[in-house]
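Structure first, then comments.
Values in this text are rule-based calculations from the coordinates and carry no lab data. This structure is a prediction, so every number in the text was calculated from the model and none was measured. Every residue, glycine among them, receives a Cβ derived from its backbone with ideal geometry; neighbour counts consider all protein chains shown.
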Number of protein chains: 2
Amino acid sequence: MLKNASGHSNPDEESALFKAMAHPVRLMILRELLKNPRCVTAIHEILDVRQPNISQHLSVLKNAGLVASGREGSYMCYYLRKPGLVKTLFEAVEAEWPEEKMENVRNRFRKALEERLEAEPIR
Amino acid sequence: MLKNASGHSNPDEESALFKAMAHPVRLMILRELLKNPRCVTAIHEILDVRQPNISQHLSVLKNAGLVASGREGSYMCYYLRKPGLVKTLFEAVEAEWPEEKMENVRNRFRKALEERLEAEPIR
DNA sequence: ATCTTGTGTTCGAATATTCCAATATTCTTA
DNA sequence: TAAGAATATTGGAATATTCGAACACAAGAT
């Protein structure tokens, strides 16, 4: 998942996922779905966003593989396909992270730079 | 951090972070910086992307608070401000996540729907 | 079959993003 | 201080995203 055939990370697929999360309304939808599966109208009323717009955002989330839906009576039930992923991403973003300082980076930078200059291929 | 004054999650700030990660080149830059702090030219050569474009993407990452930079001799040293955050996000995205099935969601949906219909305020 | 409610789609305008070419700017070194 | 290397900025074209309005479609109730 999110790796290409050769087992390496895939910037295109991954950026597609982040792009799907790159909108406040979509984040609010995902947060809501983290609590409960919801129908379009419920989301519409909870978020104070027009219904067609909610549908559009849900469509983006669905194309990104973040949500799925199934009809439930007269409602469309939207839910997270991978709640664990979404939960983890939110928690990561909410957490406090230690800040890296320039002083701590300096030596690693110089070393990496030297290595790169030695390795310098043709030029 | 990434919470507003009232301590709640902040969709606008959070989506800004995801937006910064919503581009394959920026993801590649972040992955590179996860290994080592780098100067612009090094990134430029490693990624085969034109230098002004690299600068532009770095600027986006900097505005999002994901990277910082400091001059080191004649080079600009770019590094991750919160390596832990970036690492965690990549790991989350690369991991295998259990898929939620419609059957598992159905009952929760119905219950949530009933609650919502009862709570129905004015209308 | 019609009406109502819930949902999805389409079109177009406004805005934002992305990238390149060209040009600036900033250091370092001669 | 002039040259050169490293990096940043700007302007503009191409493309993508966003959102509302209007409309289309689907299912259940009457």
Quick count over the range B:47-98, residues being within 10 Å of DNA strand D (Cβ to nearest atom), over 17 Å from B:Pro24 (Cα atoms) and of a type in the set (Lys, Arg), is 1
Only unsatisfied item for B:Phe109, checking (1) in contact with a helix residue (DSSP H, G or I) (Cβ under 7 Å, 6 or more places away or on another chain); (2) within 11 Å of DNA strand C (Cβ to nearest atom), is (1)
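How many residues are over 19 Å from the mean Cα position of the chain (by Cα) and more than 10 Å from DNA strand C (Cβ to nearest atom) when one looks only at the range A:71-103?
Qualifying residue count, the range A:71-103: 6.
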Exercise. Quick check: is even one residue across the range B:46-69 more than 11 Å from DNA strand C (Cβ to nearest atom), farther than 26 Å from A:His23 by Cβ, over 14 Å from the mean Cα position of the chain (by Cα) and polar (S, T, N, Q)?
Worked result: yes
Heads up, the helices (runs of 4 or more DSSP H) in the range B:1-117 (entirely inside) with at least 1 residues that are at the interface with another protein chain (Cβ under 10 Å from one of its Cβ atoms) and in contact (Cβ under 8 Å) with a residue 40 or more places away in the chain are B:11-20, B:24-35, B:83-94
